[in-house]
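Q: Please see the structure below; I have some questions.
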Amino acid sequence: MNQTLLAAIVIGAIAAASVQSTYSQADHSPTAYLGFDRNNYPGDESLAALRKTFSYTGYWLNLPPSARTNTWSGKRRKLQTAGFGFLVLFNGRLYDELKNPPNAGKLGKSDGLAAIAAARREGFPTQTVIFLDQEQGGRMLPEQKAYIYAWVDAVTAGDFRAGIYCSGISAAKEGGENIVTADDIRRNAGERKIAFWVTNDACPPSPGCVFPKRAPIPPESGVDFADVWQFAQSPKRKTVAAGCPANYHADGNCYPPVVSYEKRLHIDVNAATSADPSHGRSR
């Protein structure tokens, strides 16, 4: 075999190995899925359009923040039939309701039991992850910790899995001390297993109100143990998301593609490494 031919074969083999390595790395990169959440049910007529972009939806088990009714109640089967996975949510207590530490623990347990009862009533299977909505950020006060961990213990004891929705942003960016709520809750959780759905709509790391075919992965939120990342909120939070690209609507909200703007169907946008982050579909 002449030297020129041998050299060509070797170069070709190296190139092929390089391409194979690239494909191998790509094949093993995490896949992320887009989802949405909002306080009000989007309406049966919007599900087909939303499903073209989103793999899963938030699902409230009790009254969402500031709501008088829970419009999600009874919609689980319809959403599953439409092809959606779930982010199951239970609205937790604000600090003003938890100022007595012993009472905070009792409320946490009773709310955990209420979350389980609601999940069963809605038809969610055991081992579904239920996320406790913790709206207030920064370092958790003793009463808040007593409530959160009592809630987690009650949900876990009831054969469901516990998660928490909380801030993944340093509170220093919002005028507080340099504490990330997700880190604080996880650091003090002991041996408890908790799934984390974090919100960080600051740009960067958030891309703003976008719907990329290749969704960002949750650790890109800045919280490396995050299971779900909420990277856009409606309305846009001016104090946090001021550095985001001009991809929110002029009214400050984030609207999904395909659905007509006339519906004013503003949403929050999430990324997760599962198309059913709560594992709430019937098994």
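Q: Considering only residues that are under 20 Å from F211 (Cα atoms) and either out of contact with any helix residue (DSSP H, G or I) (no Cβ under 9 Å at 6 or more places or on another chain) or hydrophobic (A, V, I, L, M, F, W, C) (or both), which ones fall in the range 57-84?
A: G58, A82, F84
Q: For the range 77-93, which positions are farther than 23 Å from A154 by Cα and among the charged types (D, E, K, R)?
A: Across the range 77-93, the qualifying residues are R77, K78.
Q: Can we say E262 is open to solvent by 70 Å² or more (accessible area, probe 1.4 Å) and at pLDDT 95 or above? Talk me through it step by step, then tell me what you get.
A: Values: open to solvent by 70 Å² or more (accessible area, probe 1.4 Å): yes; at pLDDT 95 or above: no.
No: the conditions fail for E262.
Q: Let me ask something additional. Is it fair to say A82 is touching a Lys or Arg at 6+ places or on another chain (Cβ under 6 Å), at pLDDT 95 or above and surrounded by 13 or more Cβ atoms within 10 Å (Cβ to Cβ)?
A: It is true that A82 is touching a Lys or Arg at 6+ places or on another chain (Cβ under 6 Å), at pLDDT 95 or above and surrounded by 13 or more Cβ atoms within 10 Å (Cβ to Cβ).
Q: Next question, about the same structure. Give all pairs with beta carbons closer than 7 Å in which a residue from the range 152-167 that is touching a residue at least 12 places away in the same chain (Cβ under 8 Å) meets a residue that is among the basic types (K, R); count only pairs at least 6 apart in sequence or on separate chains.
A: Every condition considered, the pairs that remain are V152/R192; A154/K109.
Q: What's the number of the condition E220 fails, among (1) open to solvent by 20 Å² or more (accessible area, probe 1.4 Å); (2) in a loop (DSSP other than H, G, I, E, B)?
A: (2)
Q: Which of the following residues is of a type in the set (A, V, I, L, M) and in a helix (DSSP H, G or I): L87, L79, L63?
A: L79
Q: Still on this structure, I have one more. If the requirement is being under 15 Å from P256 (Cβ atoms), touching a Ser or Thr at 6+ places or on another chain (Cβ under 7 Å), buried (at least 20 other Cβ atoms within 10 Å of the Cβ) and touching a residue at least 60 places away in the same chain (Cβ under 8 Å), which of these qualifies: L50, L34?
A: Result: L34 is the single residue among L50, L34 that is under 15 Å from P256 (Cβ atoms), touching a Ser or Thr at 6+ places or on another chain (Cβ under 7 Å), buried (at least 20 other Cβ atoms within 10 Å of the Cβ) and touching a residue at least 60 places away in the same chain (Cβ under 8 Å).
Q: Output the residues belonging to the range 223-249 that are of a type outside the set (V, I, T), open to solvent by less than 30 Å² (accessible area, probe 1.4 Å), more than 8 Å from D201 (Cβ to Cβ) and assigned to a loop (DSSP other than H, G, I, E, B).
A: Within the range 223-249, A226, S234, Y248 meet the criteria.
Q: Still on this structure, please answer the following. Of all residues being open to solvent by 30 Å² or more (accessible area, probe 1.4 Å) and polar (S, T, N, Q) in the range 109-136, which is farthest from V155 (Cα to Cα)? Just the residue, please.
A: Among those that are open to solvent by 30 Å² or more (accessible area, probe 1.4 Å) and polar (S, T, N, Q), it is Q136.
Q: To continue, here is another question. Is the range 207-230 home to any residue that is in contact with a Ser or Thr (Cβ under 6 Å, 6 or more places away or on another chain), under 26 Å from F124 (Cα atoms) and touching a residue at least 40 places away in the same chain (Cβ under 8 Å)?
A: Filtering the range 207-230 down to residues in contact with a Ser or Thr (Cβ under 6 Å, 6 or more places away or on another chain) leaves 211, 229-230.
This time we only want the ones that are under 26 Å from F124 (Cα atoms), so: 229-230.
Filter once more, keeping what is touching a residue at least 40 places away in the same chain (Cβ under 8 Å): 229-230.
Within the range 207-230 (the criterion being in contact with a Ser or Thr (Cβ under 6 Å, 6 or more places away or on another chain), under 26 Å from F124 (Cα atoms) and touching a residue at least 40 places away in the same chain (Cβ under 8 Å)), the answer is yes, since at least one residue qualifies.
The values are calculated or read from the model by the stated rules, or taken from the named source; none is laboratory data. Bear in mind the structure is a predicted one, so any value in this text is a computation, not a measurement. Here Cβ is always computed from backbone atoms with ideal geometry, including for glycine, and neighbour counts include all displayed protein chains. Accessible surface areas use protein heavy atoms only, side chains included; no ligands, DNA or RNA. Shrake-Rupley method; radii C 1.70, N 1.55, O 1.52, S 1.80 Å.
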